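The values are calculated or read from the model by the stated rules, or taken from the named source; none is laboratory data. Treat the numbers as computed from the prediction; the structure is a model and nothing was measured. Cβ placement follows ideal geometry from the backbone for every residue including glycine, while neighbour counts extend to all protein chains displayed. The area values use the complete protein model at the heavy-atom level, side chains included, leaving out ligands, DNA and RNA. Shrake-Rupley method; radii C 1.70, N 1.55, O 1.52, S 1.80 Å.
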Amino acid sequence: MNNPFYYSPSPECKAAAKELIAWLTGKPSAFCDHPVDTAFRAEIDKGKMFGVLIVEGEETALTRNISVHGKQFHYLAGYSGQICGRSDWPEFVPAVFDYLQPNGYFKQHEAEITELNNEIKQETDLLSTSPSASLSADKSLTPNTHHPTPVSTQQLPPSDKRKREGETDEDYIRRRQFENAELHRWKLRQRKIDEEKKAVENHITSLKTLRRQKSDALQRWLFHHFLMLNGRGESQDLIAIRDGEIPPAGSGECCEPKLLQYAFQHGLHPVSMAMFWWGESPRSEIRHHLQFYPACNGKCKPILRWMLQGIDVDANPLESKEEDERLAAQLKIIYEDDDICVICKPAGMLSVPGKSERVSVQSLMQQRYPDNESPLIVHRLDMATSGLMVIAKTLEAYHNLQQQFAKHEISKRYVAVLSKPLPKDVPQEGTISLPLRPDLDDRPRQVVDDDYGREAVSIYKKVANDRLWLWPKTGRTHQLRVHCAHQLGLNDPIKGDSLYGTPSTRLYLHAEQLTFQHPTNGRQMSFTAKAPF
């Protein structure tokens, strides 16, 4: 079977996806003899991932037949999550576990959590909008309730300790007694209000604790009921698959595990799969209409590792020892002196070691300079990106170059080839500013996030219809790739981008020029390594 994390769609998958796409579009299709439901179509147009799985074995109620080069194949179709709140559309494989039954356990307990949410919001809103939220104001509370009731604000009672002109001693004493009594009564009211406000806050805290407990318990119940099969006929729930950890929300609901689960339940053998996006691009993620995508790492990787046990799966060619040896031989030394070394990294090589034991620029430099005390790596290139990097051979050079990067005194120019020519109305040059953060459920993918993303700014200049020069003004992970691919950027993925576009022989992004001051003698240095494409 093809590797769902690294693949190009097989001819059979493309043919199956073509049938499904024709039906979704409203064209006559062998996929289904009745038209798409109107509400179904309206929802998927907002964005939905679909998948097809080529299988071998006896026909079932959900297998469909296609012919490719005169050979017959069966395939299944699925979608991620729900559509119109349903997981049981009859044209597609069902959910691994359908927890959406109207009066089922999940819905009943979900309603309890929703009730708590509403109560927390009501109490919080009333507390925040009432003058009782301000300790400097006089407030009153409706008796026997937690809810503060807004009243007119009363200031601290006036007090004047000085004897007023013309005021007799008797009048002064009487006035001061009255003022002190008023102040005492004000303090008592204030203390009562503060105590009752604290009681409301404690009540909200207890509601939030109860909500968290109920939510955690419901999540555990849910994930224990997702019993995932594998190619050996074994079964494990999602929590066991993740060694006791609570999985991310939505785990087990992507189309890949749903397709495999149905296949294993019906004695079918998976051959190849492919997943494509339908509809609008999300605001944060990069998803393009009808583009094929690999399985996600956060939710799907642990699940598919379990489910594909017993199935002969293609190896990821980027994770082989032979590939590491090939890459190590391709790393070139461009310049070297006692303080620095400038290298040209090949595409596919890590800059620093990752979780695997793959070869990296750092590991090769450590072999080259075994007695060096410097961390060596001053900056990084994405694994898929080729091009120039400067290596610090001394601690002094390392700290100096780091300062140059921090002050944006180092210039890096990249060259990229896009997936298609840019439209004529795209300016010849411009600036892209889209804040980025990691996709916590699908690392190393990055997403655009206006609230929590870090500033990311890139400058581009067209040098041909599909060829750009790019200057990153910040150093975010995958910055240039996201800025090219995102709908609010150039909306045109870099050619060969397996994360944000379509895989090819390589990612067509190369760090072509690097300019900086020599960390010891201060001389301006500029290096160029022409792109191999």
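Conditions first: (1) touching an Asp or Glu at 6+ places or on another chain (Cβ under 8 Å); (2) open to solvent by less than 30 Å² (accessible area, probe 1.4 Å); (3) more than 13 Å from residue 273 (Cβ to Cβ); (4) among the hydrophobic types (A, V, I, L, M, F, W, C). Residue 44 passes all but one, so which condition is the exception?
(1)
Being among the hydrophobic types (A, V, I, L, M, F, W, C) and under 19 Å from the mean Cα position of the chain (by Cα) narrows it down to one residue among 277, 221; which is it? Walk me through how you get there before you give the answer.
Values: 221 fails: under 19 Å from the mean Cα position of the chain (by Cα).
Sole residue among the options that is among the hydrophobic types (A, V, I, L, M, F, W, C) and under 19 Å from the mean Cα position of the chain (by Cα): 277.
Only one residue in 425, 450, 441 is buried (at least 16 other Cβ atoms within 10 Å of the Cβ) and assigned to a loop (DSSP other than H, G, I, E, B), so which one is that?
Values: 425 fails: buried (at least 16 other Cβ atoms within 10 Å of the Cβ); 450 fails: buried (at least 16 other Cβ atoms within 10 Å of the Cβ).
The conditions single out 441.
Checking the structure you have, find out if any residue of the range 54-76 is under 27 Å from the mean Cα position of the chain (by Cα), surrounded by 13 or more Cβ atoms within 10 Å (Cβ to Cβ) and modelled with pLDDT of 95 or more.
Narrowing the range 54-76 to residues under 27 Å from the mean Cα position of the chain (by Cα): none.
Among the residues of the range 54-76, not one is under 27 Å from the mean Cα position of the chain (by Cα), surrounded by 13 or more Cβ atoms within 10 Å (Cβ to Cβ) and modelled with pLDDT of 95 or more, which makes the answer no.
Filter the range 181-218 for residues that are farther than 30 Å from residue 113 by Cα and loosely packed, with under 12 Cβ neighbours inside 10 Å; which is nearest to the chain's Cα centre (by Cα)?
Top of the filtered list is 191.
Residues being loosely packed, with under 15 Cβ neighbours inside 10 Å, under 26 Å from residue 505 (Cβ atoms) and without any contact (Cβ under 8 Å) to a residue 24 or more places away in the chain: count how many of those fall in the range 355-378.
Total meeting the criteria: 2.
Across the range 463-498, what is the number of residues that are in a loop (DSSP other than H, G, I, E, B), without any contact (Cβ under 8 Å) to a residue 60 or more places away in the chain and crowded, with 19+ Cβ neighbours inside 10 Å?
2
If you check every pair at least six apart or on different chains, which have Cβ atoms under 6 Å apart with a residue in the range 42-66 that is touching a residue at least 60 places away in the same chain (Cβ under 8 Å) first and a residue that is open to solvent by 60 Å² or more (accessible area, probe 1.4 Å) second?
Short answer, once both residue conditions are applied: 46/280; 47/280; 56/269; 57/267; 57/269; 60/266.
Mind listing whichever residues of the range 57-79 are outside any strand (DSSP E or B), among the charged types (D, E, K, R) and under 13 Å from residue 30 (Cα atoms)? Don't jump to the end; show me each part of the working.
At the first step, the residues of the range 57-79 found to be outside any strand (DSSP E or B) are 57-63, 69-70.
Those still in the list that are among the charged types (D, E, K, R) too: 58-59.
Answer for the range 57-79, where residues must be outside any strand (DSSP E or B), among the charged types (D, E, K, R) and under 13 Å from residue 30 (Cα atoms): there is none.
Residues of the range 511-532 being open to solvent by 50 Å² or more (accessible area, probe 1.4 Å), touching a residue at least 12 places away in the same chain (Cβ under 8 Å) and assigned to a loop (DSSP other than H, G, I, E, B), which ones? Write out each step before concluding.
Filtering the range 511-532 for residues open to solvent by 50 Å² or more (accessible area, probe 1.4 Å) gives 513, 517, 520-521, 523-524, 526, 528, 530, 532.
Among the residues that remain, those that are also touching a residue at least 12 places away in the same chain (Cβ under 8 Å) are: 513, 517, 520, 526, 528, 530, 532.
Correct list: 520, 530, 532.
Taking residue 414, is it touching a His at 6+ places or on another chain (Cβ under 9 Å) and of a type in the set (Phe, Trp, Tyr)?
Details: touching a His at 6+ places or on another chain (Cβ under 9 Å): yes; of a type in the set (Phe, Trp, Tyr): yes.
For residue 414, the condition - touching a His at 6+ places or on another chain (Cβ under 9 Å) and of a type in the set (Phe, Trp, Tyr) - is met.
Give me the residue from the range 282-320 that is touching a residue at least 40 places away in the same chain (Cβ under 8 Å), small (Gly, Ala, Ser) and open to solvent by 30 Å² or more (accessible area, probe 1.4 Å) and, out of that set, farthest from residue 499 (Cα to Cα).
310
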